[in-house]
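The values are calculated or read from the model by the stated rules, or taken from the named source; none is laboratory data. None of the values given here were measured: they were computed from a predicted structure. Neighbour counts run over all protein chains shown; Cβ positions are idealised from the backbone, glycine included. Note: accessible area is taken over every heavy atom of the protein model, side chains too, but ligands, DNA and RNA are not part of it. Shrake-Rupley method; radii C 1.70, N 1.55, O 1.52, S 1.80 Å.
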Amino acid sequence: MQPSPSPMSVVDRVRREVERNALRVRNGIRLAAGIRPAGVGQTPKDVVWRKGRSELWRYRSDHVRVSPPLLIVYSLFNRSYILDLQPGNSFVEHLLNAGFDVYLLDFGIPDERDAGNTLDDYADGYLPAAVERVRQVSQDEQVNMLGYCFGGVLSLLYAAHHLDAPLRSLTALTTPADFQRLGQLQDLLGGGLDIETVLDNDGNVPADVILQGFRTLRPTSEITQYVDLWERLWSDEYVAAYQAMTGWATEQVALPGGVARQIVEMVRENPLVTERLVVGGDRVRLSDITIPFLHVLANRDHIIPEPAAAPLIGLVGSPDKHELRLDAGHVGLLVGKTAAKTTLPTIIDFLKQRSRVTP
C-alpha cells in the first residue's frame, strides 16, 4: 500500500488549486472581453522593397556573423507572423541570435489587383526581384533561400526555372510535392470543385472560404483546444501563446484566383511528380536543382501530410541533399519546443556548414 499523503501536502494541493481557479476566472474574463496580450511580430524590421501588396522585410541585427543572407519566402495562405510569434518563441529571433542576416518576403493581403496572379508571377517576378534586392542591401553575391509550406513550392519553382540564380542553398519546410496525396485537402480541391463558384467579386478566394476549408481538415480541433485551454487557463504564459496561435490560425488571407485555379489543376495533374509543370512557358523539373538542399517535414502534419511531402527529397537533383523528419504538426516545426530543440538547430547547422561564418 502506498503511504497516505500528509495533511500538509493535501493543504498545499488544495491551496494551489484554489489559486489556479482564481487565475482561471481572471484569464477567462480577459478572454471573454477580448483583451489580448502583447502583440505578435515584435522583432524590429525595415521594409526594403515593395511590389504591389508584397513587402520584403529585413530584420534588424547588429550581430550578423553568417553570410550569405537568408531570405525566407512565406506562404500565400495566411499571415507570416507565425514565424515571429512572440519574444522567446520566434523562428526569426532564433535565426538572428545565431548570427544570420534575415529577410522575409511577405505577400500581403491580395485584392482585386492580384486576382490574375499566377505561379509564374511569383516564381519569375516577385522572387527574382526580392533576391536581387537582398543582394543589393546585404552587398553579398549569393542568398540562402528558405520556403515555408506553399512558399516552399514557389521557391522550388524559382530554383528550377532559374538554374543560374545566385542561391547558395535551398531549404523547404512542410512543402508538398505529391499533390495527389494531400488527403482531405486533395479531396476538397480535386473532387470536382469548380473554383469559379467560390471566387468573390475581386476574383479571389475569400479568406473565410479558406478558413472553413482548413477547419474541415480537423473538425474537432476547436473542441480539444478548449479542453486544453481550460486545463491551463491559470497560466498567463499558456493563455498568451494560445491567443497568439488561435489568432493566427483564424486570420487567413484571400488567395489570388489565378493561383487557386493552378492549385486545383496541380491536384488533378500532379505536375511536380510527373515533371509536367510549365513556368514562364518552360517545362521545369525539380531534378534540375543541384544546389545544397534541406527538406524538413512533420509526421503529424494534417495540412501537408507526410505522404504528400515525402517524395520531395527524391525529386530534387542536388547531390548535397538532406531530410529531417520530426514528430510534430504543421506549426510545431516553427514554434514551441520542437522548433527550439530540433528544427532550428538543424537548419542553422545546415546553413552554417554551407556559409561563411565570422567568429
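Data table
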{"item": "Failed condition for Thr346, given (1) under 18 Å from Gly152 (Cβ atoms); (2) in a loop (DSSP other than H, G, I, E, B); (3) at pLDDT below 95; (4) open to solvent by 20 Å² or more (accessible area, probe 1.4 Å)", "result": "(2)"}
{"item": "Tally of residues being outside any loop (DSSP other than H, G, I, E, B) and not hydrophobic (A, V, I, L, M, F, W, C) across the stretch 263-279", "result": "5"}
{"item": "Test for Val284: is it open to solvent by 50 Å² or more (accessible area, probe 1.4 Å) and more than 21 Å from the chain's Cα centre (by Cα)", "result": "no"}
{"item": "Scan of the stretch 289-305 for residues that are at pLDDT 95 or above and open to solvent by 60 Å² or more (accessible area, probe 1.4 Å), ordered by number", "result": "Thr290"}
{"item": "The one condition in (1) touching a strand residue (DSSP E or B) at 6+ places or on another chain (Cβ under 9 Å); (2) open to solvent by less than 40 Å² (accessible area, probe 1.4 Å); (3) on the phi < 0 side of the Ramachandran plot that Asp121 fails to fulfil", "result": "(2)"}
{"item": "Considering residues of the stretch 280-333 that are part of a helix (DSSP H, G or I) and touching a Lys or Arg at 6+ places or on another chain (Cβ under 7 Å) only, the residue farthest from Met145 (Cα to Cα)", "result": "Pro307"}
{"item": "Filter result (buried (at least 19 other Cβ atoms within 10 Å of the Cβ) and touching a Ser or Thr at 6+ places or on another chain (Cβ under 7 Å)) within the stretch 44-95", "result": "Tyr59, Val66, Ser67, Pro68, Pro69, Val73, Tyr74, Asp84, Ser90, Val92, Glu93"}
{"item": "Answer from Asp84, Asp101, Asp62 - the residue that is free of Cβ contacts under 8 Å to residues at least 60 places away in the same chain and under 22 Å from Leu297 (Cα atoms)", "result": "Asp84"}
{"item": "Hits in the stretch 146-168 - residues which are aliphatic (A, V, I, L, M) and surrounded by 21 or more Cβ atoms within 10 Å (Cβ to Cβ)", "result": "Leu146, Val153, Leu154, Leu156, Leu157, Ala159, Ala160, Leu167"}
{"item": "Sole residue being of a type in the set (D, E, K, R), over 21 Å from the mean Cα position of the chain (by Cα) and open to solvent by less than 30 Å² (accessible area, probe 1.4 Å), chosen from Asp101, Asp140", "result": "Asp140"}
{"item": "Cβ-Cβ under 8 Å pairs, at least 6 apart or on other chains, the stretch 287-312 side without any contact (Cβ under 8 Å) to a residue 12 or more places away in the chain, far side open to solvent by less than 10 Å² (accessible area, probe 1.4 Å)", "result": "none"}
{"item": "Flag if Leu76 is within 17 Å of the chain's Cα centre (by Cα), assigned to a loop (DSSP other than H, G, I, E, B) and either more than 23 Å from Pro345 (Cα to Cα) or at pLDDT below 95 (or both)", "result": "yes"}
{"item": "The stretch 249-273, residues that are open to solvent by 30 Å² or more (accessible area, probe 1.4 Å), more than 19 Å from Thr175 (Cβ to Cβ) and aliphatic (A, V, I, L, M)", "result": "Ala249"}
{"item": "Residue tally, condition touching a helix residue (DSSP H, G or I) at 6+ places or on another chain (Cβ under 7 Å), closer than 20 Å to Ala123 by Cβ and hydrophobic (A, V, I, L, M, F, W, C), over the stretch 50-109", "result": "9"}
